[in-house]
């Protein structure tokens, strides 16, 4: 286990790391300065090319040690983060709960829409809570999952009233009974933010999340009734994605402010909801985040490898954007495999030169695809 292999950071090291905040932008360091192997990272950059990455960032101890962009993509282009949007929306829900504006995650969602008369509002539908939406266990009938057949999303986009479309669906299961990936759940969370604050999720994020983190260059579309998309749609620069990960790595603190309650992050980092994925039976879910508990890793995950990965034991944040599927466990192993020490390593000019060559090659290659615009969510 990573925790056993590297041990907990001592108090002095933790204090030193906690003083490094990427405001207004990230500090940088060589991989060796932060205990990582440049040669191993060079191989990871090459691997990213084979997986159609657009960007690959790694921050350790609060400093960027790898900041690579695959042509024609570049650092200053906001990237469609797809379902990573879900995790941002959930983060805003956590803030409202901490503020007391949302009294309980166990509050029934239909209570927030008393003026609406939804179809088939039976006892099961009335029992859906905010927590069920967060954990993708609402029980609403939906055709999406994690495959390629997304009929419900197609029908949703044709609707004028997205909340009504979602809550008019019949129930397939009892709330809390089973996990089923449903972007409609996430859009209901965005609609809840609007109900609680009187403003779209984007506006609330600007004041409470993006503002404190110094995130200014982004876009976030809205549904026909003016609510920010909850399940996808947000575009962020990779370095700003890394700031979201760093907030979670630092237990919800940013500088001298607590933006998120530590218990929320504890729940995310120890996710227990089984995603029931035959291809990766180790994946778990909580609060719109994915996790690999055996690897001590949690992450946001958007279609075609829009990922913010947090490795708490190693004090690392990883960001990838791309145009292909992403083996999350293999990526986590490659990152942890590049760590050699909790403290600085001797300089390695040969390894550093290898990493520079790898980054130069991927940044000048000609790729035909339009960056930042995957076809699906």
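Looking at the stretch 67-77, can you tell me whether even one residue there is within 18 Å of the chain's Cα centre (by Cα), in the same structural domain as residue 351 (by TED's automatic domain parsing) and either crowded, with 24+ Cβ neighbours inside 10 Å or closer than 30 Å to residue 130 by Cα (or both)?
No, the stretch 67-77 has no match at all.
When you go through (1) without any contact (Cβ under 8 Å) to a residue 24 or more places away in the chain; (2) surrounded by fewer than 15 Cβ atoms within 10 Å (Cβ to Cβ) one by one for residue 251, which number turns out not to apply?
Residue 251 satisfies all of (1) without any contact (Cβ under 8 Å) to a residue 24 or more places away in the chain; (2) surrounded by fewer than 15 Cβ atoms within 10 Å (Cβ to Cβ) except (2).
What residue, among those in the stretch 291-324 that are without any contact (Cβ under 8 Å) to a residue 60 or more places away in the chain and under 24 Å from residue 67 (Cβ atoms), is surrounded by the fewest Cβ atoms within 10 Å (Cβ to Cβ)?
297
Between 110, 133, 64, which is touching a strand residue (DSSP E or B) at 6+ places or on another chain (Cβ under 8 Å) and either assigned by TED's automatic domain parsing to the domain that holds residue 27 or surrounded by 15 or more Cβ atoms within 10 Å (Cβ to Cβ) (or both)? Don't jump to the end; show me each part of the working.
Values: 110 fails: touching a strand residue (DSSP E or B) at 6+ places or on another chain (Cβ under 8 Å); 133 fails: touching a strand residue (DSSP E or B) at 6+ places or on another chain (Cβ under 8 Å).
Answer to the selection: 64.
Given the conditions (1) in contact (Cβ under 8 Å) with a residue 24 or more places away in the chain; (2) not in a loop (DSSP other than H, G, I, E, B), and given that residue 265 satisfies all but one, which numbered condition is not satisfied?
All conditions pass for residue 265, except number (1).
Can you name every residue in the stretch 35-48 that is crowded, with 19+ Cβ neighbours inside 10 Å and within 24 Å of the chain's Cα centre (by Cα)?
Across the stretch 35-48, the qualifying residues are 36, 41, 44, 45, 48.
Need pairs with beta-carbon distance below 6 Å; first residue over 25 Å from residue 87 (Cβ atoms) and within the stretch 119-136, second assigned to a helix (DSSP H, G or I); sequence gap 6+ or separate chains.
Every condition considered, the pairs that remain are 126/110.
Table: residues versus (1) assigned to a loop (DSSP other than H, G, I, E, B); (2) outside the structural domain of residue 57 (by TED's automatic domain parsing); (3) at pLDDT 95 or above.
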{"residue": "331", "(1), (2), (3)": "no, no, yes"}
{"residue": "336", "(1), (2), (3)": "no, no, yes"}
{"residue": "342", "(1), (2), (3)": "yes, no, yes"}
{"residue": "346", "(1), (2), (3)": "yes, no, yes"}
{"residue": "350", "(1), (2), (3)": "no, no, yes"}
{"residue": "353", "(1), (2), (3)": "no, no, yes"}
{"residue": "369", "(1), (2), (3)": "yes, yes, no"}
{"residue": "374", "(1), (2), (3)": "yes, yes, no"}
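The values are calculated or read from the model by the stated rules, or taken from the named source; none is laboratory data. These figures come from a predicted structure and were not determined experimentally. A quick note on method: Cβ atoms are made from the backbone with ideal geometry, for glycine too, and the neighbour counts reach across all protein chains shown.
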